[in-house]
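The values are calculated or read from the model by the stated rules, or taken from the named source; none is laboratory data. Because the structure is predicted, anything quoted here is derived from the model rather than measured. Using ideal geometry, Cβ is built from the backbone for each residue, glycine included, and neighbour counts are taken over all protein chains shown. Please note that ligands, DNA and RNA were not included when accessible areas were found on the heavy atoms of the full protein model with its side chains. Shrake-Rupley method; radii C 1.70, N 1.55, O 1.52, S 1.80 Å.
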Amino acid sequence: MDEPERLAERILEGDEVTAAKVISMIENGDSVGFEVLSFIFPKTGLSFRIGVTGSPGAGKSTIIDRLAVSYANMGRKVGIIAIDPTSIRTGGTLFGDRIRLKSAERIGGVFIRSMAHRGFQGGIAKAAFGAQCILEALGKEIIIVESVGVGQTELDISLISDVVITVFTPDFGDEIQLMKAGLLDVGDILVINKMDLPDAQKRATDFEMYLATFGRVDWHPPIVKLSARRGEGIEDLVKRIEEKRLDGETNRDEKIRRLILSLIKEEISKKVESLLLRDEIESLVLEVKEKKRDPYSLSREMVSRILKEDHRWERRE
Amino acid sequence: MGEKRMKILIAKPGLDGHDRGAKVIALALKEAGMEVVYSGLHKTIDQIVNMAIQEDVDAIGLSIMSGAHIPLTRKLIEKLKERGITDKKIFVGGVIPSRDIPVLEEMGVHGVFPGGTPIEEVIRRIKEILGN
């Protein structure tokens with residue numbers, strides 16, 4: 001296995017095989033992968049990173065396929081990272097996004113990589129950010145990350161994107177669902193897809209009115225209505241994305257800050273898990289079961305013990 | 001993040017339009033804990049090789065119901081060699097007469113699964129071959 005610096009050179013020269021292998025290292029938490037990244041990272045920063053989120057079935061992949069074609073027609077090299085959920089039950093993943101990226105597959109110069117979420121809450125940003133850097137090192141100027149958009153994962157995607165597109169469909173009418181899902185909190189551009197469905201126009205108007213009334217107070221993101229399946233409205237979306245890109249106002253400082261904090265928290269959390277011995281945890285479980293201690297004071301005490309006992313941190317190296 | 005995983009591409013090359021078998025296998029392998037990329041229909045061998053490279057899969061499984069398994073497999077193996085890819089295992093499944101099994105194995109295929117092979121056996125053998 002070559003040295004990290006040599007691997008980084010190969011990627012910068014356009015070696016896709018090496019790039020793909022290093023992305024796998026990052027996914028697996030292999031330290032060599034991160035060493036490669038340390039050589040690559042200083043050379044990144046010029047690519048434009050688009051995040052696409054929304055409920056399953058909203059049409060994210062189809063939209064991304066159309067976007068890839070549009071950007072390729074503009075002469076840009078495109079990279080796509082599609083994140084799919086890992087089955088908690090079996091640990092396996094079925095990646096189906098490539099099926100809908102048919103046109104993107106046919107264009108030269110599009111690198112598509114599927115990544116499993118692996119149930120790692122908050123941690124997917126770590127692997128996806130690394131993959132973005134590698135795709136940029138390969139020469140991709142537009143990097144699109146597609147993420148499963150329920151619960152907390154949209155927040156991750158804003159950490160690693162210059163612009164986030166949140167995709168809805170006209171049948172997303174239940175207001176409580178919208179509020180619960182938190183999907184409205186993150187998008188810089190909101191898309192209503194599947195405008196080819198019957199009644200779509202009326203429902204889209206209802207949705208827009210809802211947003212105007214109950215949406216975020218600070219500002220109202222532009223809404224683009226389109227039909228990815230029919231290829232209608234895509235130029236509008238590209239226009240909005242380009243507006244954002246040329247605007248330059250992407251909040252990079254804030255995102256870098258949050259990314260660093262998120263990575264630090266993740267490292268600490270991994271460390272803590274490796275420090276707690278199994279019999280220690282079992283005795284804690286017993287104390288809580290027998291109501292001798294409550295879980296809150298017990299965990300606070302464990303944290304002070306772990307932090308004070310410096311030698312524990314060293315022993316586990 | 002952290003555990004090593006087995007990743008496989010289930011691909012449908014050529015004009016063959018029957019994808020039920022491929023989808024059943026893809027789902028079964030996922031249930032068995034693997035990461036499975038499904039290619040979709042009508043992919044060229046070049047596209048399949050590109051997918052295998054980009055996804056850094058450990059194995060490529062061709063699902064072929066059209067009878068064209070020998071020329072398609074040969075082409076896949078040639079293209080992989082051309083691109084310098086030597087570390088991916090190759091499996092072929094579908095409508096495959098038993099007399100063709102040794103021919104495919106001779107070419108370098110690591111496992112042949114004619115239609116009717118029980119799914120548990122397919123999974124077991126794939127995991128065995130990838131585990132080594």
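Quick rundown of the values:
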{"item": "Matching residues in the stretch A:146-171 - criterion: being in contact with a Leu (Cβ under 7 Å, 6 or more places away or on another chain) and at pLDDT below 70", "result": "A:GLY149, A:GLU154"}
{"item": "Residues that are at the interface with chain A (Cβ under 7 Å from one of its Cβ atoms) and over 10 Å from B:LYS7 (Cα atoms), drawn from the stretch B:36-50", "result": "B:TYR38, B:SER39, B:GLY40, B:GLN47"}
{"item": "Failed criterion for B:ILE119 (all others in (1) facing chain A (nearest Cβ under 8 Å); (2) open to solvent by 10 Å² or more (accessible area, probe 1.4 Å); (3) touching a residue at least 60 places away in the same chain (Cβ under 8 Å) hold)", "result": "(1)"}
{"item": "Qualifying position, being open to solvent by 10 Å² or more (accessible area, probe 1.4 Å), closer than 18 Å to B:GLU121 by Cβ and more than 8 Å from chain A (Cβ to nearest Cβ), among B:GLY14, B:GLY33, B:GLY21", "result": "B:GLY21"}
{"item": "Of all residues making up the stretch B:46-79, the number that are open to solvent by less than 10 Å² (accessible area, probe 1.4 Å) and among the hydrophobic types (A, V, I, L, M, F, W, C)", "result": "11"}
{"item": "Subset of the stretch A:82-101 [more than 7 Å from chain B (Cβ to nearest Cβ), over 14 Å from B:MET34 (Cβ atoms) and of a type outside the set (Gly, Ala, Ser)]", "result": "A:ILE83, A:PRO85, A:ILE88, A:ASP97, A:ARG100, A:LEU101"}
{"item": "Hits in the stretch A:26-49 (condition: within 12 Å of chain B (Cβ to nearest Cβ) and open to solvent by less than 20 Å² (accessible area, probe 1.4 Å))", "result": "A:ILE26, A:GLU27, A:GLY33"}
{"item": "Restricting the stretch A:242-260 to residues that are closer than 16 Å to A:GLY187 by Cα and outside any helix (DSSP H, G or I), the residue that is modelled with the lowest pLDDT", "result": "A:THR250"}
{"item": "Residue among A:ALA125, A:ALA72 that alone is under 13 Å from the mean Cα position of the chain (by Cα) and either modelled with pLDDT of 95 or more or outside any strand (DSSP E or B) (or both)", "result": "A:ALA125"}
{"item": "Spans of strands (runs of 3 or more DSSP E) in the stretch B:18-101 with at least 1 residues in contact (Cβ under 8 Å) with a residue 24 or more places away in the chain and of a type in the set (Lys, Arg)", "result": "B:89-94"}
{"item": "Residue count, the stretch A:270-286 (criterion: free of Cβ contacts under 8 Å to residues at least 12 places away in the same chain and either among the basic types (Lys, Arg) or open to solvent by 60 Å² or more (accessible area, probe 1.4 Å) (or both))", "result": "9"}
